[in-house]
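> Got a structure for you, written out below as C-alpha cells; questions coming shortly.
The values are calculated or read from the model by the stated rules, or taken from the named source; none is laboratory data. Just so it is clear, the structure is predicted and the values come from calculations on it, not from any experiment. Cβ placement follows ideal geometry from the backbone for every residue including glycine, while neighbour counts extend to all protein chains displayed. Quick note on the areas: whole protein, heavy atoms, side chains included, nothing else; ligands and nucleic acids left out. Shrake-Rupley method; radii C 1.70, N 1.55, O 1.52, S 1.80 Å.
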Amino acid sequence: MDLSSFSKIAETNNWATILPEISLSILALFLLLIDLMSSDKQKKFVEQIAIAGQAIILMIFCLTASFIDVKVTTDLFGGLIQQSQFSHFGRLFFMVSSILVCFLGSIFFRVNKLPRTEFYHLVIVSTVAFMLLIQSNHFVMLFMALETVSIIFYILVSYRKSSSASLEAGLKSLIMGAFSSTILLFGMAIVYGVAGNPDLIATAKDAMNFQDLSVFVQANTENKLLQVGVLFIVSGLLFKVGAVPFQMWVSDVYQGAPTPVTAYLAVASKAAGFLLLILLVEGPFNSMDGLLVPILSVVAGISILWGNIGALTQPNVKKIMGFSGIANTGYMLVGVVALFSIENAAYVIMFYLCTYLLASFAVFGVMSAVATKEDEIQEIYDYEGLLKNEPLLAFILTAGLGSLAGVPPLVGFIGKTLLFILAFKAGLYGLLAVSVVGAVVSVYYYFGWLRYANFKVFKFSDETEKTFSINASALQKISLCGLAVLTIIFGLYQGVFSVFLQGL
C-alpha cells in the first residue's frame, strides 16, 4: 500500500461522527483521575459524576443525531465504520444500558464494599466498545471491539474477589468466552481465505469489508468451505447471546456475577449479539438464507423450550433470569429468521430489545435492593411478604416480571405480539407455535416468583414473619419505579417507538 492510499484513508477519518464515544472515553479517564487525586470523602461523588456525565452525553447525542432520516455512510475510517439509523439506535441503547448499570451499581455498593471507580470506568469503556461494535463495517473492527467487551466482562463478572461464586463465574466466562472467540475468529479466517481465491467468481477486493464480502457471498453461496466459515461466525455470535446449544455458561455466570453485571450481561451483551446478527444477515450473509434459515429456526425453537422448561424448577432468582434470557434469545432469533423474508423485521427486534431493557432492569433493580452481600444465593422464598413490607418494590417487580411474561397491558405483551405477527407473516408457523407454548409455560415461573412476593404463603404458627433489609434509598426506589411506570405507559402507547414499527 503506497502513501497515496494512506492519504485517501486518512481523508475518511471523520472524528466528529464518533464524538459520543470520544466523550465517554474522556469521562472514563476523568473518573480514574478523580480517584487518583481525591480524598476518600471526595471519591464518594464518583458514581454521581459517572451517571450524570453519561446522561449529559446521551442528551447531547439525542439532540444532535437524527433517528428518522440517517443516510447510510460506509466509508468512515477507511471503511471500518458505517453509520445509519440502525447504528444510531444501538448507540442510544448501549448508553441507556450503561447509565442503568451504573445506577444499579450505586445500589449494589451500599452493601458491598468494593472499589467503585474501577467498576464505573470499566462499564463506560465497555459501552464505548459496544457503540463501536454496532458501527462495524469490517470484521477487524468487529473482532477488536467484541474482544474489548469480552475482556472487560471477564473482570466485571469476577469483580467480587472474596466470593468463590463470582470467581468461578469469571473463570467459566473466560473459558467459554475464549472458546467462542476462537470459533468466531476461525470462521473469519476461513471466509477471508475463500474470498481471496482467484479461481472463484467475484473475488472480494477486501474480504473483511461487509460491502465487498456481500458481492462475493452472493456469487458463491454454494461454496461448501464458505458455508463452513459463515456457520462458524454465526456460531460464535450465538455463543455470545446464549442460544442453545451454546447456553451452558449462562445460568452459572448469571448467578455468580454481581447483580448489576448480570443485568449488563442480560441486556447489553445480548443486544450487541443480536444487533450484530441483524447487521450480518441484512449485509454479507443475506444470500445465505438456504443455509441459515433452517439452522437458526431449530436453534430458536430449542432455545425457547430449553429456557422456559429449565426455569420451571429453579428456586434461585438469578438462575431464573438466566433461563429466561435463553428463552428470550429464542424469541428474538425468530425475528432474525424472519429477517430473511421480511424487510422491516429488524425494527421488531429493536422494539423487543427496548421492552426487554425496561423489564429486565426493573427486575434486576429490585434484586439489587433486596440482595445481601451474598447476592448469588437469592431465592424466590426470600421475597415472601415483599408486598406487605415494601409495596413500591413489589409493584416494580410485578411490572417487570409481568412484562417479561407478556401480560397486557405491559409493553412486553406488545413486543411478544409483534414477534408473533412477524413469525406469521414470514410463514414460520412451527416457530410461532413453539413461541406461544413457551410464552404460556413462562407464566408459571414468573408468577411463581410473584406469588411469593405478593400473596401470603401458608405458614406454620411457630414460623416468624420475614423482615427485609432494603439496600436502596427512597430516591433510588422512586427511580426504579420510573422503569415500571414506563412498561405500563409504553404498553398503552407506542407512539414514541413508531420509527421501529414502520412497515408492519
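> Compare the peptides 430-436, 343-349 by average per-residue count of other Cβ atoms within 10 angstrom and give them in order, highest first.
Averaged packing, sorted descending, gives the order 343-349, 430-436.
> I'd like the projected area of segment 105-152, averaged over all directions, using the convex hull of its alpha carbons. Report it in nm² with one decimal. Could the numbers behind the result be given before it?
Numbers: hull surface 14.1 nm².
Average projection, Cα convex hull of segment 105-152: 3.5 nm².
> Could I ask something else about it? Set Lys and Arg Cβ to +1 and Asp and Glu Cβ to -1, take the dipole of the chain about its Cα centre, and tell me which of Leu31, Leu486, Val228 lies farthest positive.
Checked the options; the winner is Leu486.
> Okay, moving on. Could you tell me whether segment 291-371 comes out rounded, prolate or oblate from its Cα gyration tensor? Rule is a ≥ b ≥ c as square roots of the eigenvalues, rounded for a/c under 1.5, then prolate if a/b exceeds b/c, otherwise oblate.
oblate
> Then there's this: Using alpha carbons only, how many angstrom separate the centre of segment 282-313 from the centre of segment 470-485?
Here the two parts' Cα centres lie 36 Å apart.
> Continuing with the same structure: With a 1.4 Å probe and every protein chain kept in, tell me what percent of the accessible surface of the chain is carbon plus sulfur.
Answer for the chain: carbon and sulfur cover 67 percent of the accessible area.
> Let me make sure I get this right: for segment 133-267, a, b and c are the square roots of the gyration tensor eigenvalues over alpha carbons, sorted descending. Under 1.5 in a/c it's rounded, otherwise prolate if a/b > b/c, else oblate. Which is it? List each step's numbers first, then the result.
Working: a/c = 3.26, a/b = 2.56, b/c = 1.27.
It is prolate, given that a/c is not under 1.5 and a/b is the larger ratio.
> Place the peptides 113-126, 213-226, 312-325 in order of packing, highest mean first, counting for every residue the other Cβ atoms within 10 Å and averaging per peptide.
Final packing ranking: 312-325, 113-126, 213-226.
> Another question about this same structure. In degrees between 0 and 90, to the nearest 10, how far off the longest principal axis of the chain does helix 391-405 point, with axes built from Cα atoms?
Tilt relative to the chain: about 40 degrees.
> Calculate, for the chain, the solvent-accessible area per residue in square angstrom, rolling a 1.4 angstrom probe over the heavy atoms of the protein chains.
Numbers: 20410 Å² over 504 residues.
Result: 41 Å² of accessible area for each residue.
> Please give, to one decimal in nm, the separation of the simple spin-label points placed at Leu475 and Met248, each 7 Å out from Cα toward the Cβ.
4.7 nm
> Could you work out how far helix 429-454 tilts from the main Cα principal axis of the chain, as a 0 to 90 degree angle to the nearest 10?
Computed tilt is about 30 degrees.
> Relative to the compact globular guide of 2.2 N^0.38 Å, what is the alpha carbon radius of gyration of segment 75-199, as a ratio?
So segment 75-199 has a normalised radius of gyration of 1.27.
> Expressed in nm to one decimal, what extension gain is obtained for the pair Ser38 and Asn13 from 0.36 nm per residue of sequence separation less their Cα-Cα distance?
5.4 nm
> By the gyration tensor of its Cα atoms, with a ≥ b ≥ c the square roots of the eigenvalues, what is the shape of segment 136-175: rounded for a/c under 1.5, prolate for a/b over b/c, or oblate?
prolate
> In a shell of Cβ-Cβ distance under 15 Å around Ala178, excluding Ala178 itself, what net charge do Lys and Arg (+1) and Asp and Glu (-1) give?
So the surrounding residues net to +1.
> Something else: For helix 474-492, what angle does its Cα long axis make with the longest principal axis of the chain, in degrees from 0 to 90 and rounded to 10?
60 degrees
> Let me ask something else about it. How many angstrom lie between the C-alpha centres of segment 395-425 and segment 102-127?
30 Å
> Grab the alpha carbons of the chain, take their convex hull, and tell me the volume per residue in Å³.
145 Å³
> Then there's this: Taking 0.36 nm per residue of separation and subtracting the Cα-Cα distance, what length does fully extending Phe447 through Ile151 add?
103.0 nm
> To the nearest 20 Debye, how big is the dipole of the chain about its Cα centre, given +1 on the beta carbon of each Lys and Arg and -1 on that of each Asp and Glu? Display every interim value, and only then the final one.
Numbers: 27 positive and 29 negative charges, 200 e Å.
Roughly 960 debye, rounded to the nearest 20.
> Okay, next question. Using 0.36 nm per residue, how much length does the chain from Lys224 to Arg110 gain when fully extended, once their Cα-Cα distance is taken away?
Numbers: separation 114, 0.36 × 114 = 41.04 nm, distance 5.53 nm.
Full extension of this stretch gives 35.5 nm more.
> Sort 94-100, 438-444 by packing, meaning the average of other beta carbons within 10 Å per residue, with the highest value first.
So the peptides 94-100, 438-444, ranked by packing, come out 94-100, 438-444.
> Compute the relative contact order of the chain as a whole-number percentage, counting only Cα pairs closer than 8 Å that sit 6 or more residues apart in sequence.
13 percent.
> Separation between the Ile488 and Ile377 pseudo-spin-labels, each 7 Å from Cα along Cα→Cβ, expressed in nm?
Here the answer is 3.6 nm between the modelled labels.
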